[in-house]
Amino acid sequence: QPENLQKNWLREFYQVVHAHKPHFMALHCQEFGGKNYEASMSHVDKFVKELLSSDAMKDYNRARVYLDENYKSQEHFTALGSFYFLHESLKNIYQFDFKAKKYKKVTGKEIYSDTLESTPMLEKEKFPQDYFPECKWSRKGFIRTRWCITDCAFDLVNIHLFHDASNLIAWETSPSVYSGIRHKALGYVLDRIIDQRFEKVSYFVFGDFNFRLDAKAVVETLCAKATMQTIRAADTNEVVKLIFRESDNDRKVMLQLEKKLFDYFNQDVFRDNNGTALLEFDRELSVFKDRLYELDISFPPSYPYSEDSNQGKQYMNTRCPAWCDRILMSHSAKELILKSENDEKIVIYDHIGPNVCMGDHKPVFLSFRIAAGAGKPIANVHKCCVVQ
């Protein structure tokens, strides 16, 4: 029900915009058009038109939209969409041209789609196929843009990392093989955005990292007092299902695990107190602690929510709920946003639409202020700005 879902999604999004009134807003989307691109791209176009022309966004008089809609290109297609909105009160906003290596003043509203490869205002890459050989045609990759506001320059990276293909394989080792693939891909992106081609600036990386909880540790904790039954395929002897039953209590089934089934009997454990008890199993970011910072998480796992429009709080029983959607930053970006904080609660890291169906992922947002001059002024930034 894309039209019904879109209405709910935009309403919740506009409420957050109205509550925080950002002057500069970045919206990063993944899997644009869903799995069935050809049938869905008309919905994408409606979504973009609505965002750019709605009453809720009327004070944003400049915008840049980058949509990777070229689904016929197996080599390049990432299904990423990056939106940037600038409030009319903001003066002198510049965007970096990666080809000319100059900042250019942002005016008007512009939409770029189909082939983003020829757009010099961004860098876009799709991860090589050998990063995730189980996928016949992966769409995972990243888009990077660079901005300069009040002499403060920063990169914004829209990222989509690899998912877990099988719950059974994810359960076998700790950390899982999929976790290792995500580390490799994220490490590649971080190396790419600080390489020698351009000046180093603060950066924010946000999107669907597909970070999962340590499946083996979670199952062992949730089913500590359970006995496990293994079911194998008759022809191949391959494990196709694990059933965990309580040792007593009439051998009640606690958890059933299949390739695409994670059916735990009590979903409240993922919702109570925002799932805080499970944060200790959210370990994938620890590898990057020297390179990336994240504010404390105080919202429940962002995936996989039911796509039934009447089930806004319900998780699907396909995967173990996890904090897939994150906003991470370099340590210099952390200094930038926390330096500007005073007694007010200025920095907010939360999710959107807690009680409403927003699709299988709940959007996650970060709201903060940067005081004018908070960043190290970039030497000669205006000398290299070309006003268009």
Exercise. May I ask you to list, by number, the DSSP H helices of the chain whose Cα span along the axis is at least 20 Å and whose average Kyte-Doolittle hydropathy reaches 0.0 or more?
Key: 177-193
Quiz item: With the other protein chains left in place, how much accessible area per residue, in square angstrom, belongs to the chain at a 1.4 angstrom probe?
Solution: 47 Å²
Practice problem: Determine the principal axes of the Cα atoms in the chain, then give the extent along each, sorted from largest to smallest and rounded to whole angstroms. | Solution: 73, 48, 42
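Averaged across orientations, what area in nm² does the convex hull of the alpha carbons in segment 50-132 project?
Values: hull surface 27.3 nm².
With every direction weighted equally, the projected area is 6.8 nm².
Just the number, please: carbon plus sulfur as a percent of the accessible area of the chain, 1.4 Å probe, no ligands or DNA/RNA counted.
C and S fraction of accessible area: 49 percent.
Relative to the compact-globule scaling 2.2 N^0.38 Å, provide the ratio for the alpha-carbon radius of gyration of segment 260-301.
Working: Rg = 12.8 Å, N = 42, 2.2 N^0.38 = 9.1 Å.
The reported ratio for this selection is 1.41.
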Exercise. Express in whole angstrom the spacing between the alpha-carbon centres of segment 175-203 and segment 24-54.
Key: 27 Å
Quiz item: Could you state the principal axis extents of the C-alpha atoms in segment 1-116, from the largest down, to the nearest angstrom?
Solution: 40, 38, 17
Quiz item: What residues from segment 254-287 fall in the zone where the backbone N is under 17 Å from a label point 7 Å along the Cα-to-C-beta line of Met228?
Solution: 254-265
Exercise. Please get the size of the charge dipole for the chain, origin at its Cα centre, with Cβ charges of +1 on Lys and Arg and -1 on Asp and Glu, quoted in debye to the nearest 20.
Key: 1080 debye
Practice problem: State which entries of Lys21/Lys184; Lys99/Lys289; Lys21/Lys72; Lys124/Lys184 exceed 27 angstrom in Cα-Cα distance in the structure shown. | Solution: Lys21/Lys184; Lys99/Lys289; Lys21/Lys72
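Could you sort Thr78, Thr318 by accessible area so the largest value comes first, with the probe set to 1.4 Å? Each step should come with its number before you reach the end.
On the way: Thr78 0, Thr318 40 Å².
Largest accessible area first, the residues go Thr318, Thr78.
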Exercise. First measure r as the distance between the Cβ atoms of Glu280 and Thr115, then evaluate 1/(1 + (r/R0)^6) with R0 = 41 Å and state the FRET efficiency to the nearest 0.05.
Key: 0.40
Quiz item: Just the Cα atoms of segment 98-149: what Rg and Dmax do they give in Å?
Solution: 14.5, 43
Quiz item: Given the convex hull over the Cα atoms of segment 123-228, what projected area results after averaging over all orientations, in nm²?
Solution: 8.5 nm²
Quiz prompt | Sparse-neighbour loop sites [trypsin sites (Lys or Arg not before Pro); segment 1-60; at most 10 other C-beta within 10 Å; DSSP] | solution = Lys35, Lys58
Quiz item: Normalised by the number of residues in the chain, what is the relative contact order in percent for Cα pairs under 8 Å and 6+ residues apart?
Solution: 15 percent
Practice problem: Express the Stokes-Einstein translational diffusion coefficient of segment 221-323 in µm² s⁻¹, to the nearest whole number, given a Kirkwood radius over alpha-carbon pairs, 37 °C and a viscosity of 0.692 mPa s. | Solution: 208 µm²/s
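The values are calculated or read from the model by the stated rules, or taken from the named source; none is laboratory data. Remember, predicted model here, so these are calculated numbers, not experimental data. Using ideal geometry, Cβ is built from the backbone for each residue, glycine included, and neighbour counts are taken over all protein chains shown. All accessible areas refer to the heavy atoms of the entire protein, side chains included, with ligands and DNA or RNA removed. Shrake-Rupley method; radii C 1.70, N 1.55, O 1.52, S 1.80 Å.
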